[in-house]
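The values are calculated or read from the model by the stated rules, or taken from the named source; none is laboratory data. What you see is a predicted model, and the numbers here were worked out from it, not measured in a lab. Ideal geometry is used to build each Cβ from the backbone, glycine not excepted, and the neighbour counts take in all protein chains shown.
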Amino acid sequence: MEKNIRWITVGLGVMFLSLFELTANLYAQQQNVNGTVTDASTSETMPGVNVLVKGTTMGTSTDAEGRYELAVSSLSDTLVFSFVGYRTQEVPINGRTSIDLELQSQAIGGEELVVVGYSEQQRGDLTGSISQIDGQEIAEVPTLEISRGLQGKMSGLKINDRGGEPGSANMDILVRGKETLGNNSPLVIIDGIPSGMGDLESLSSRDISSVNVLKDASAAIYGARAANGVILVTTKRGAEGTTELSINASSGISKFTRVPEVMNSWQLATYQNEMQERYGRVKSWTEEDIRLFREGTNPITHPNTDWHNAVFDDYTPESRINIAASGGTESVQYYISGDYNNKGTNYRGNDKYFNRYQLRSNLDAQMTDYLKVSVDLTGRLGDNHRPVMDAAGLFHRSVIAYPMQHAFHPNGLPGYGSVGFNPAIGVTDEAGWIDTQDKDLKSRLSFDLDMQSLLSGLSLRGIASFNYNIRDSEEFRPTWDLWTYNVETDSYDHQLGKFSETQTFSSLEQSNNINRQTYYNISLRYDQNFEDHNVSGFIAYEQDEGYSSQLTGYRRDLINRQRVHLDLASTNEQRTSGISFNTGRLSYFGSISYNYDRRYLIDVTVRRDGSYNFPEDERFGTFPSVSVGWRISDEPFMDASSNWLDDLKIRSTYGIMGNDRVPNFQYLTQYGLGSFWLFGEEAERNDGFQQINDPNPNITWEVAKNWNIGFDASLFDEKLGIIFDYYYNKRRDILIQRNESVPDITGLSLPRENLGKVDNSGVEFEMNYLTTIGDFQYSVGGQVSYNRNEVVYLDEPPNVADYRKREGRPIDSWLVYKTDGIFNTQEEIDNTEATLSGTKPGDIKYVDLNGDGSITGDDRYRKYTSQTPRIQFGFNAGVGYKGLRVDAFFQGQTQAENYIAHTRAGEETLPTYFFEKRWTADNPNAEYPRAYERRDFFNLQTSDFWLYDASFIRLKDLTLSYNLPVEMISNIGMRSMRFYLRGYNLWTIDRMSDRMGGEYYDPEMEDDDGKFYPQQTIFTAGLSINL
């Protein structure tokens, strides 16, 4: 592995040096274009305007007099003029060498368009709370998953990276936190098509044009599934002009952000002896054993295995290449791209990997003067080859395998490990694999019919989508060879490697999953200006249908592991299974928008949805919303502030939305195979059906009522932008079981009913500052989001004990004993009125909360924190000089806690802080308890002792980039060439490490014992070329 990394590093260095030497010796055949940029409304010259050659990153800025001069490779190029607060304009050069331009203010010329749900609006006309990020900001994110590139960058979008293997990321994604007791996942829309979170994660970041998040009642246009927020993704499309070819390639290495240091052999032996002594048992190890473990002089009988090093590599390589072409004529525009990702895993052996191949074609054709047709096709192949045991299991096995056990004997033979599963072999193909192939084909057809001949401003739009996914999976579980050392014979005994103590055979399971989705939408649209009045809107019909099926086959005792096929296995105990189901939704909806002079704005939407999840008489729900905006800065009484306040808009929304993301078909009585009867003289078995659910024929929608008020402001010549929002949401009719008020002793199992109630509120704040001084550009900005929820109704009985009460409290909490450190001495125990019987020095001190003189379950309390933070934030800073630029992005959270107890103590190798900070007679003022085992009654009560503050701030992204001057590359046909070095998840400051005394676990961890595939630190070198 180290050799591979060394060659990768050398190769990248040679590539960079060669390219720099090449470009430094090129003399361009170039043309200069110059001109002056002025404000269209005041005719004043504009310094600091960005002037770029379209399709490249090469350009310049206007000087203090508004003048610019730029070298271009061809006089057929197009220049792009942009400035904060002004309309971006593209100007074809058309052979000219001098181009003057008047830039129009956003308030005049119609600034960028923002996707808001079935339509687009100019940013200045938005009345809802919508966060947006441009695709360029996430194009070079070095991760496979798009959500990792969004983390911390958009207010209201709470994302936690919980780790996960390549292709199987564990991401928590919430819009404005948790608002329901059930599914809190947002709805994902890609190019207007309802999609899954997996579709978002598997997009090529280079294909994304923008990502918008609808956080308030602006999402109500999506009705039935909008209550948890909506993430809108728009992919890139072509534009009129010459063909632009871009090539983007990167290569890098990744490693775990943190790896827990665990006890070595002599430390664990010492700990186990102390543990046995505490319980009055015979010590596990002699002093001679401990001496040999410490000295390492006899590795055959007294090894010191670093299991993490045996199972995982320090670094793993990854690479990516994307090639895209775009352009078109007045009649046809196109965007075509191909994307390839290769990412290894950090498992040793190099057997496991994840590859993804992707092709996209977005085509727009103006068929006639009044008809435009678009055809989008996307094909994707994912190839994931991973161990049979999941990451959590492998991390678990790597710590329950003691360092006194061999991963490999000194002669190279693999050791037995724990219960016959050596994780160092378990990560290789020797111990089998799960091979998964995902094949996606997505198509989108749409048309826009201009109906101006019937009525000015009238048009008709139709969309149809056909998506098809096939997942083929193969799980091969063999047996393999392991060895134990026999001290008496001084030889090695063969053992059978297996996944469990009962497995003595190989097995193969293959499955085929098919998913189909069809989607149709047609809308009649109207958009018309009447002097200072603008009226726009649409009415629409939509339906989508889904079908899923799965077929699985299993056989055991394969004849030959070199030919892994079901037909080459025994029919003994073979089995098959299958399932299929359909889904469907039907909707009618519409929207109308009005504004006067872009000063007074109002948007109204109504949607009526029908969902397959509810009975016929409860199937449809109606979801309205209204939002208003007031551009107060345009009022005459604000004229006095016009020298520093450029724009100020106050906005507010109210809407009702639905949530049908509940377990399917709860209104039906469901049956399944699960019981059998014996009939006949020979007692022949007859399988039968039995009821498997408790139906509720009156189940209906979960309803969200959302309020939002906020403002958008720009100041100081559009250099400073501020966005603020406050929201208050009420979620009602949440499906819960009426088990709280029904005593457990009744044994009743009740259906889910629409009873639960939750309130959620919060604030969001964004601020960004951008300025240009000569050839220097500076930018700084950030966002912070806070939210707090409260359970209003959960069917709790009125006399519920306070420590069990959840109504009036946040959704998430820890039910724990309160603690007050550790008993240092026996005297301290004797002077404490309430203790657990048998407590000894070094045990955790529990607090008698109710003052009854004893420690019981009634002394527990709820601590209202969780792994989901109440506050998340992110901030960025960048500086550029000519072609050189440095950008940094920081992300963090606070008011979150992790529970890390290591409940399998005594049966696993614990982190070293359990040894170094433990209580002993020589260390009575220790921070951690004495040595204890898994069944310990005194230290493993669920208590706040094991809660850790998960606050952190992280250098999420650091990029150094350089754009070569146009004059150096234009004569070889290049528009631009950019090099960059990028670091991702570089360092973290957190509270957990302070308490543990080292960087053991990432603060975004999820597992309470730290057994998960950790987050990644990634180092990337990349090259971008535009032709």
(request) Could you pull out the residue among G462, G379, G420 that is out of contact with any His (no Cβ under 6 Å at 6 or more places or on another chain), under 30 Å from W285 (Cα atoms) and surrounded by fewer than 21 Cβ atoms within 10 Å (Cβ to Cβ)? (result) G420
(request) Can you run down the residue pairs with Cβ atoms below 7 Å, 6 or more apart or on separate chains, where the first is in the stretch 982-1003 and more than 30 Å from Y962 (Cβ to Cβ) and the partner is part of a strand (DSSP E or B) and of a type in the set (D, E)? (result) R991/D949; M992/D949; P1003/D990
(request) Would you point out the residue of the stretch 484-498, among those that are surrounded by fewer than 19 Cβ atoms within 10 Å (Cβ to Cβ) and not hydroxyl-bearing (S, T, Y), that is nearest to the chain's Cα centre (by Cα)? (result) L496
(message) Among the residues that make up the stretch 733-746, is at least one of them in a strand (DSSP E or B), surrounded by 15 or more Cβ atoms within 10 Å (Cβ to Cβ), within 27 Å of the chain's Cα centre (by Cα) and in contact (Cβ under 8 Å) with a residue 12 or more places away in the chain?
(response) yes
(request) Sort out which residues of the stretch 793-848 are in contact with a Pro (Cβ under 8 Å, 6 or more places away or on another chain) and either on the phi > 0 side of the Ramachandran plot or assigned by TED's automatic domain parsing to the domain that holds N184 (or both), and write them in order of number. (result) G842
(request) Return the total of residues in the stretch 497-522 being part of a strand (DSSP E or B) and modelled with pLDDT under 90. (result) 1
(request) Can you run down the residue pairs with Cβ atoms below 7 Å, 6 or more apart or on separate chains, where the first is in the stretch 547-558 and within 13 Å of I514 (Cβ to Cβ) and touching a residue at least 24 places away in the same chain (Cβ under 8 Å) and the partner is polar (S, T, N, Q) and surrounded by 15 or more Cβ atoms within 10 Å (Cβ to Cβ)? (result) S548/N515; Q550/S511; Q550/N513; L551/S511; T552/S511
(request) Could you give me the residue pairs with C-beta distances under 9 Å whose first residue belongs to the stretch 630-652 and is in contact (Cβ under 8 Å) with a residue 24 or more places away in the chain and of a type in the set (K, R), whose second residue is exposed (fewer than 13 other Cβ atoms within 10 Å of the Cβ) and not in a helix (DSSP H, G or I) wherever it lies, and which are 6+ apart or on separate chains? (result) R631/D597
(request) Could you list, in sequence order, all residues of the stretch 695-714 that are surrounded by 18 or more Cβ atoms within 10 Å (Cβ to Cβ) and under 30 Å from T38 (Cα atoms)? (result) D712, A713, S714
(message) Quick test of your reading of the structure: M389 fulfils all but one of (1) farther than 30 Å from E295 by Cβ; (2) not in a loop (DSSP other than H, G, I, E, B). Name the failing condition by number.
(response) (2)
(request) Any chance you could count how many residues in the stretch 465-483 are over 28 Å from the mean Cα position of the chain (by Cα) and buried (at least 17 other Cβ atoms within 10 Å of the Cβ)? (result) 7
(request) Search the stretch 655-699 for residues being more than 38 Å from the chain's Cα centre (by Cα) and among the hydrophobic types (A, V, I, L, M, F, W, C), and hand back the single one that is nearest to S587 (Cα to Cα). (result) F689
(request) Mind listing whichever residues of the stretch 284-300 are polar (S, T, N, Q) and either assigned by TED's automatic domain parsing to the domain that holds P410 or farther than 23 Å from E933 by Cα (or both)? (result) T297, N298
(request) Just give me the residues in the stretch 772-805 being part of a loop (DSSP other than H, G, I, E, B) and surrounded by 19 or more Cβ atoms within 10 Å (Cβ to Cβ), in sequence order. (result) L794
(request) Could you tell me whether S398 is part of a strand (DSSP E or B), small (G, A, S), surrounded by 19 or more Cβ atoms within 10 Å (Cβ to Cβ) and not assigned by TED's automatic domain parsing to the domain that holds T143? (result) no
(request) Having 1 or more residues that are surrounded by 19 or more Cβ atoms within 10 Å (Cβ to Cβ) and at pLDDT below 90 is the bar; report the strands (runs of 3 or more DSSP E) wholly within the stretch 98-150 that clear it. (result) 101-103, 113-115, 120-122
(request) Say whether the condition of being small (G, A, S), over 30 Å from N560 (Cα atoms) and surrounded by 16 or more Cβ atoms within 10 Å (Cβ to Cβ) is met by at least one residue in the stretch 500-523. (result) yes
(request) Of the numbered conditions (1) under 23 Å from V792 (Cα atoms); (2) part of a strand (DSSP E or B), T700 fails exactly one; give the number of that condition. (result) (2)
(request) Being in a strand (DSSP E or B) and of a type in the set (A, V, I, L, M, F, W, C) is the filter; apply it to the stretch 285-339 and report the residue that is surrounded by the fewest Cβ atoms within 10 Å (Cβ to Cβ). (result) V332
(request) Kindly provide the set of residues from the stretch 182-209 that are closer than 30 Å to F724 by Cβ, at pLDDT 90 or above and not in a loop (DSSP other than H, G, I, E, B), ordered by number. (result) L187, V188, I189, I190, L200, S205, I208, S209
(message) Quick check on the stretch 210-235: of everything there that is in a strand (DSSP E or B) and touching an Asp or Glu at 6+ places or on another chain (Cβ under 8 Å), which residue is nearest to I336 (Cα to Cα)?
(response) T235
(message) Suppose we filter V535, V564 for residues that are among the aliphatic types (A, V, I, L, M) and not in a strand (DSSP E or B); which single one remains?
(response) V564
(message) Cβ contacts < 9 Å: first residue on the phi > 0 side of the Ramachandran plot, restricted to the stretch 112-132; second residue hydroxyl-bearing (S, T, Y) and outside any strand (DSSP E or B), any location; separation 6+ or different chain. Result?
(response) G117/S218; G117/Y222; Y118/Y222
(request) Identify, by number, the condition in (1) within 41 Å of the chain's Cα centre (by Cα); (2) more than 30 Å from L958 (Cα to Cα) that I829 doesn't meet. (result) (1)
(message) Looking at I953, I972 in this structure, which one is in contact with an Asp or Glu (Cβ under 9 Å, 6 or more places away or on another chain), surrounded by fewer than 21 Cβ atoms within 10 Å (Cβ to Cβ) and either not aliphatic (A, V, I, L, M) or not assigned by TED's automatic domain parsing to the domain that holds Y402 (or both)?
(response) I953
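Matching residues to (1) at pLDDT 95 or above; (2) surrounded by 19 or more Cβ atoms within 10 Å (Cβ to Cβ); (3) in contact with a helix residue (DSSP H, G or I) (Cβ under 9 Å, 6 or more places away or on another chain); (4) not hydrophobic (A, V, I, L, M, F, W, C):
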residue	(1), (2), (3), (4)
P615	no, no, no, yes
G621	no, yes, yes, yes
D646	no, yes, yes, yes
T669	no, no, no, yes
S675	no, no, no, yes
L678	no, no, no, no
Q690	no, no, no, yes
N693	no, no, no, yes
(request) With respect to L955, determine if the residue is under 36 Å from the mean Cα position of the chain (by Cα), closer than 20 Å to T1017 by Cβ and not polar (S, T, N, Q). (result) yes
